[in-house]
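K.L.:
Structure incoming, see below.
A short reminder: the numbers here are calculations on the coordinates, not readings from a lab. The shown structure was predicted, so the numbers you read here are calculated from the model rather than taken from an experiment. Cβ placement follows ideal geometry from the backbone for every residue including glycine, while neighbour counts extend to all protein chains displayed.
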Amino acid sequence: MADPEDVLSESPVDFESAVAYALHPEMRRLIIMYVVGAVLLPTGLALFLDPGYGMFTQVLGRLIGLGVAVVGATFLFAGLVGAAFKVVTDANLLAAADLDGR
């Protein structure tokens, strides 16, 4: 197995291109989705588990909390899986282009 230092020294990626890739509009949208999901999920769970004091507010608070938690979980996992898929797909495209160029 190759040493990590050797792999990093032979890598065609430098700091500027890595930052540019992370700030690309598609990647930025996925990161924002992940962050919004990370905020909404605990907020929704908190509303769901502690909805309020009155009978009407308890039912309404639980429904709102459940909805917010579901939307938060969807955003969280969609952002995470989407970003991972984009990184793997782009790496495979770069590797295929590198093999064709040799």
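K.L.:
Counting every Cα pair in segment 17-101, what percent are over 18 Å apart?
P.N.:
Numbers: 2014 of 3570 pairs.
Tail of P(r) above 18 Å: 56 percent of Cα pairs.
K.L.:
Taking the Cβ of each residue in TYR53, TYR21, TYR34 as the centre, tally the other Cβ atoms inside 10 Å and list the residues starting with the fewest. Before the final figure, lay out each step's value.
P.N.:
Details: TYR53 8, TYR21 14, TYR34 19.
Placing the least packed residue first, the sequence is TYR53, TYR21, TYR34.
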